[in-house]
Structure formats: C-alpha cells, structure tokens
Amino acid sequence: MTQDINRCRIIARMIALVYNWWNIFARLANPDQHMEAITSRPLLLNAVESLVYTGRKKIIYLTSTHAKA
C-alpha cells in the first residue's frame, strides 16, 4: 500500500484492463464455459491462432499444443 493514491489507481486500472482482455480471449477460445485465469493460462498461452477472412466474416482458429488439450 502506498500513500500516493494516484499510483494505486493507475495500477488498479492497468490490472483490471489486463484481466478484462484475458477474459475476452478466454471466451473466444471456449464460449460455452467460464475459465479461470489460473487454470486457463497455461492452456491458452500454448495455443496457435490464425485469423481467416471469408467474405464478410472473420473466423479465429485456435490450435492448442498443450498436452491437456
């Protein structure tokens, strides 16, 4: 805890932003299931993704190289 409230607010906002982006990425990988960061991080960090443009659609393909996939 620091006495400088501005630093605390900036760090808290940065952590919230990273957490929100990770949730979006995890939902793209598996939209039917909520995945906690502590359990999904090793699985999703080893994923190879590719973005394919077909007509007006954008499709993301995720291929996992993790042993538990």
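Restricting to the stretch 18-69, name every residue that is surrounded by 10 or more Cβ atoms within 10 Å (Cβ to Cβ) and among the aromatic types (Phe, Trp, Tyr). Hits for the stretch 18-69 are Tyr19, Trp21, Trp22, Phe25, Tyr61. Of all residue pairs spaced 6 or more apart or on separate chains, none has beta-carbon atoms under 8 Å together with a first member in the stretch 3-15 that is touching a residue at least 60 places away in the same chain (Cβ under 8 Å) and more than 27 Å from Ala37 (Cα to Cα) and a second member that is outside any helix (DSSP H, G or I) and aliphatic (A, V, I, L, M).
All of the numbers you see were taken from the coordinates with simple rules; none came from a lab. Just so it is clear, the model here is predicted, and its values are computed rather than measured. Backbone-built Cβ (ideal geometry, glycine too); neighbour counts: all protein chains shown.
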